[in-house]
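Student: Following this message is one structure expressed as structure tokens.
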Amino acid sequence: GVGSSVLWVSQGAYFSAASKLYSSAVGMPGEDVTSKFGGDFASVFLLLEVCLKLLSTSLIEAAGVGWRVIFGLYTVVSIVPVVFLSRIADLDPKRRGYGAVVRSALEGELAVAINNEGAGDARRRRAGCLTDNKATASLNLLLSDPKMKYLVPMPFLFGLSSAFSTSVINGEVVEDVLKDDTSAFVGLLSAVTSLVAAATSFAFGWLESRHESVHLGKGLAMSIGGLCYFSVAVQFLSYPAGSDWSLPGLVIIYTLLGISRATYEGTLRSVTADMYPDDGEGAFGNIILFGGSASTVRVL
């Protein structure tokens, strides 16, 4: 929990900074850059997740190893990205000497703020919220910016869905339908969600770009994700018993969860960066806050 909160909040702020610099360098509109970056990031992230989930199923079925070995392998694999994290470039325009690039590409208040006040103060100027304590950035933004509440539903739905998928679908329904006492097929079916999410994230990122002939608005993409979450809930309300389900029905459920997750991992990240280009820490902190809170509520 601690690792995820620190990692994802930092990733969100880094995502916003990288989007602004890339937009300045190539002359692409900022909203198109965040769509591209959101789709690319989610696709790579989710494809790696697919590989690890398929690994668990193949090891259980082919090699007969237990979950203790699999979790140990996951622990070893997790060390690799930690090593790469230490090599990430510092994108702070002021500290890295990118001030001239930013001044030539950005207009108005942001450029003046970076030159005269520093990038740190510029990030915290939105909605009159100026504080040197980043620990309260999320709370300050939530209380001071009226737009923040409109981003709450998607992470809240994702949190509920994640907890429900883990405890009910993976933990009970799959075992009842497939007679899978060892949870061998949980990794395979979960990989369906990740694979669909990876493909949908890439498609949404491409369609959301205004430079493409076929355009899909980010609001519409978010609505599609919300409708998929809603359809999953309706199906389980209609057929609450695990014995009522079949393998094709489960595949449909995992596919719908994949489409919904694509909007959370890609489109929501893009929208958040568009709305809060200078308040990445606070905005992405609220996404983690409400997603984690929803998961906690579902478990309790």
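Every read-out reported here was derived from the displayed coordinates using simple, explicitly stated rules and does not represent laboratory data. Keep in mind that this is a model prediction, so the values were computed, not measured. Cβ atoms come from the backbone with ideal geometry, glycine included; neighbour counts cover every protein chain shown.
Student: Restricting attention to the alpha-carbon atoms of segment 157-203, what are Rg (one decimal) and Dmax (integer), both in Å?
Tutor: 11.9, 36
Student: Could you point to the residue in F204, Y150, L189 farthest towards the positive end of segment 145-212's charge dipole, with +1 and -1 charges on the Cβ of Lys/Arg and Asp/Glu respectively?
Tutor: Farthest along the dipole direction, towards plus: Y150.
Student: At R0 = 30 Å, how high is the FRET efficiency between L48 and A241 if r is their beta carbon distance? Nearest 0.05 is fine.
Tutor: That pair, L48 with A241, gives E of 0.30.
Student: Residues of segment 217-246 with amide nitrogen under 13 Å from the 7 Å Cα-to-Cβ point of D176?
Tutor: 236-246
Student: Highest first, please rank the peptides 27-37, 54-64 by the mean number of other Cβ atoms sitting within 10 Å of their residues.
Tutor: 27-37, 54-64
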